[in-house]
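Enquirer: Below is the structure I would like to discuss, written out as structure tokens.
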Amino acid sequence: MSILPIYVYDHAILKKKAVKIEHIDDSILQFIEDMKQTMHEAEGIGLAANQVGSPLALTVIDISPVEGYEQVKPLVMINPEITYYSDEETDYEEGCLSLPHLRELVLRPEAIQVQFYNEQIQPQTIEADGLLARVMQHEIDHLNGIYFTDRLSQLKRTLLQSKLRRISKGETTADYTIVLPDGSTIQSENDQ
Ligand code: ZN
């Protein structure tokens, strides 16, 4: 297994719509294991494939490190599609490994239904609410080229401009290795 560098704002791959996976081979299974390890090492609770430079419609989620969610099993979602959104919406403070040190309240539907394939290529339909529904929506947004900051008000986004610019210029450090929009890499502080 290997830990992959994480692509940050505003690398072009993070704005691209993901490509559906047609068949799963050993290299994709290996990549899924690398994604899980990368997410855990960076202390994230979700990771989309484009955040590690791949165009595939694939995300890994593990919210079990969060207090109160220890019993929630990790998930691999291949070609996920949200098929239902609740009318009820809630605010929650989100962060993102591609937007280091940036946290904002984001309004999203409280509950969803999502369809996807798991690693065993079995079709799954899950109804989720609370934190799990939130992380699923955040990760599926990534697969559609959407950052959580795109869901903020115009005013809030304007206020965040300088922070976003600093991330894209590599002036914001992270505890993990990052890839900047120009393709250059900055090693994690932990590795230096
Ligand atoms: Zn994210």
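The values are calculated or read from the model by the stated rules, or taken from the named source; none is laboratory data. This one's a predicted model, so the numbers in the text were calculated from it and none came from an experiment. In this analysis, Cβ positions are derived from the backbone assuming ideal geometry, glycine residues included, and neighbour counts consider all displayed protein chains. For accessibility, only protein heavy atoms count, side chains too; no ligands or nucleic acids. Shrake-Rupley method; radii C 1.70, N 1.55, O 1.52, S 1.80 Å.
Enquirer: Restricting the first residue to segment 42-59 and requiring it to be touching a residue at least 60 places away in the same chain (Cβ under 8 Å), which pairs with a second residue that is in a loop (DSSP other than H, G, I, E, B) and within 12 Å of the ligand (Cβ to nearest atom) meet a Cβ separation below 7 Å and a spacing of at least six or different chains?
Expert: 42/97; 47/97; 51/97; 51/98
Enquirer: Shifting gears a bit: Hey, among the residues in segment 160-192 that are polar (S, T, N, Q) and within 17 Å of residue 50 (Cβ to Cβ), which one's surrounded by the fewest Cβ atoms within 10 Å (Cβ to Cβ)?
Expert: Per the criteria, the residue is 185.
Enquirer: Still on this structure, please answer the following. Quickly run through segment 113-159 and pick out the residues that are away from the ligand (no atom under 16 Å from the Cβ), on the phi > 0 side of the Ramachandran plot and surrounded by 15 or more Cβ atoms within 10 Å (Cβ to Cβ).
Expert: If the condition is that a residue be away from the ligand (no atom under 16 Å from the Cβ), on the phi > 0 side of the Ramachandran plot and surrounded by 15 or more Cβ atoms within 10 Å (Cβ to Cβ), then 130 is the only one that fits.
Enquirer: Let me spell it out: the conditions are (1) open to solvent by 20 Å² or more (accessible area, probe 1.4 Å); (2) within 13 Å of the ligand (Cβ to nearest atom); (3) over 21 Å from residue 13 (Cβ atoms); (4) not hydroxyl-bearing (Ser, Thr, Tyr), and residue 105 meets all of them except one. Which number is the exception?
Expert: Of (1) open to solvent by 20 Å² or more (accessible area, probe 1.4 Å); (2) within 13 Å of the ligand (Cβ to nearest atom); (3) over 21 Å from residue 13 (Cβ atoms); (4) not hydroxyl-bearing (Ser, Thr, Tyr), only one is false for residue 105: (2).
Enquirer: From (1) under 21 Å from residue 114 (Cβ atoms); (2) away from the ligand (no atom under 13 Å from the Cβ); (3) open to solvent by 10 Å² or more (accessible area, probe 1.4 Å), pick out the condition that doesn't hold for residue 77.
Expert: (3)
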